[in-house]
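The values are calculated or read from the model by the stated rules, or taken from the named source; none is laboratory data. Not measured: the values here are computed from a predicted model. Note that we place each Cβ from the backbone using ideal geometry, even for glycine, and neighbour counts take in every protein chain shown.
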Amino acid sequence: MEHNGTADVAESPTPKRARARNRRGEGGRLREDIVTAAMELLDETGDERAITLRSVARRVGIAAPSIYPHFSDQPAIMLAVVRQEFAGLGNSLRAAVAEAGDDPRRRLYAVCHAYLEYARLHPERYRTMFGGLWIPDLAGSSLTEQDLATLGAESMQILIDALADCARTGSVTSTDVSADAVALWVGLHGLAHQRAVSPSFPWPEGIADRVITALAHVDEGR
């Protein structure tokens, strides 16, 4: 994977005309345009390698050096893309919690199903969020360990909170909510991935609920 943006793997299929210069104070808009362009390239190609400084600049309609005041390198653009997607995932999970109402078990299942639905609706973005193919050698990029370690923390906390609510009401028998939430996420992630790569597999009806019930230690007698 090319990280420094010096060569294109895939040019933008629909380049834009030269972009008008931002007025004073509009630099944030250009940053947003850069992230949007990178997201469009990912959606169109399904390949993180298509996102380079040159391809993004061409899509936005600017010269590649105009990116540097906003992003130090290609990994910094990818980090912004992935952060934006995790924010979208978090919004979907919170909406599921709110819609599920007051019952803790219903909220837990709603969060889990919303997670799986997000992966189904955004397969290329989801793969990029968790695939790790875009992650560079940190010694040669602007990213830090902290940048990567915090990715997905908000979404994980939503899952932990949903499971903790169930534990407090006795509807799950978890004795280590944080660890069980991680195990539940691993199960959900595995199911999301396998559904994406094995669409013709005869998935049993209710397989998601089986995964959730087992890994969340749901007390089916309550």
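Below are the figures for this structure:
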| quantity | calculated |
| --- | --- |
| Every residue from the stretch 41-65 that is surrounded by fewer than 17 Cβ atoms within 10 Å (Cβ to Cβ), outside any loop (DSSP other than H, G, I, E, B) and free of Cβ contacts under 8 Å to residues at least 40 places away in the same chain | Glu44, Pro65 |
| Checklist (1) under 30 Å from Ala208 (Cα atoms); (2) at pLDDT 95 or above; (3) in contact with a helix residue (DSSP H, G or I) (Cβ under 9 Å, 6 or more places away or on another chain) applied to Asp47, failing item | (2) |
| Flag if His113 is modelled with pLDDT of 95 or more and more than 24 Å from Ala208 (Cβ to Cβ) | no |
| Some residue of the stretch 78-101 being within 30 Å of Gly140 (Cβ to Cβ), among the polar types (S, T, N, Q) and touching a Gly at 6+ places or on another chain (Cβ under 7 Å) | no |
| Residue match in the stretch 125-140 (condition: touching a residue at least 24 places away in the same chain (Cβ under 8 Å), in a helix (DSSP H, G or I) and of a type in the set (Lys, Arg)) | yes |
| Residue in the stretch 105-115 that is among the small types (Gly, Ala, Ser) and in contact (Cβ under 8 Å) with a residue 60 or more places away in the chain present | no |
| Subset of the stretch 174-210 [touching a residue at least 40 places away in the same chain (Cβ under 8 Å) and either loosely packed, with under 14 Cβ neighbours inside 10 Å or in contact with a Gly (Cβ under 6 Å, 6 or more places away or on another chain) (or both)] | Asp209 |
| Pair list, Cβ < 8 Å and 6+ apart or interchain, from the stretch 66-95 residues that are of a type in the set (Asp, Glu) to residues that are outside any helix (DSSP H, G or I) | Asp73/His3; Asp73/Asn4; Asp73/Gly5; Asp73/Ser141; Asp73/Ser142; Glu85/His122 |
| Qualifying residue in the stretch 73-87 (condition: in contact with a Phe, Trp or Tyr (Cβ under 6 Å, 6 or more places away or on another chain), part of a helix (DSSP H, G or I), surrounded by fewer than 21 Cβ atoms within 10 Å (Cβ to Cβ) and at pLDDT 95 or above) | no |
